[in-house]
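Where a number appears in this text, it was derived from the coordinates with a stated rule and is not lab data. Since the structure is predicted, the reported quantities are computational estimates derived from the model, not experimental observations. Ideal geometry is used to build each Cβ from the backbone, glycine not excepted, and the neighbour counts take in all protein chains shown.
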Amino acid sequence: MANKTSPPAPRGDVRRHVTSIARRRSGYTHDVEVDGHELVIDEPESAGGANQGPSPTRLLAASLAACTAITMEMYADRKGWDLGDVEVEVEMEYGESAAPKSFAVILRLPSSLSEEQVERLKVIAGKCPVHRTLASETKVRIEDRAELV
């Protein structure tokens, strides 16, 4: 009989469940709460919104940029590398259905890094959880439910 063990806990935030709540403010503008943090999400005026905040897909690009930067910084910290003011830019291209069809991730790194360090950081950048999810390297299940209130 095989020895069953629990899967390893995720790095960093060890909770396995996070709740995000979007509450309509007006039109397409929503106040979104994530673990006590508040965001405003909206659509641009060209899509009928009031442009009070980034759209959900633009927030996806921002999540990829932030996750990539943080993943590289955590790795560099463990290696004792000084990344200074690292910057990650994400260019997102939309497809015909208004869904993102491609992302270009640009890493702006200090010129003092060796070629080997830069190559390693490029590999590590691709290991951020958002990158892996968007690249379909992580199996994700979405369950839609409705509650009448």
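Summing +1 for each Lys or Arg and -1 for each Asp or Glu among the other residues whose beta-carbon sits under 13 angstrom from that of Arg25 gives -3.
Only counting other Cβ atoms within 10 Å, I'd like Val140, Val149 sorted with the fewest neighbours first.
Details: Val140 7, Val149 2.
In order of increasing Cβ crowding within 10 Å: Val149, Val140.
Taking a sphere under 12 Å around the Cβ of Ala66 and counting the other residues whose Cβ falls inside, with K and R at +1 and D and E at -1, yields a net charge of -3.
Across the range 53-64, rounded Karplus estimates of 3J(HN,Hα) from the backbone phi angles (6.51 cos²θ - 1.76 cosθ + 1.60, θ = phi - 60°) give x, x, 6, x, 6, 5, 5, 4, 5, 5, 5, 5 Hz, Gly and Pro being marked x. Computed over neighbours whose Cβ is under 12 Å from that of Pro56, the net charge equals -1, Lys and Arg +1, Asp and Glu -1. Altogether, the Stokes-Einstein calculation at 25 °C and 0.890 mPa s, with the Kirkwood radius of the chain over Cα pairs as Rh, returns a diffusion coefficient of 135 µm²/s. Using a simple spin-label model with pseudo-atoms 7 Å out from Cα toward Cβ, Lys101 and Ser26 lie 3.6 nm apart. The helix-based estimate of mean residue ellipticity at 222 nm for the chain, built from -39,500 (n - 2.57) per DSSP H run of four or more residues and divided by its residue count, is -9000 deg cm²/dmol to the nearest 500.
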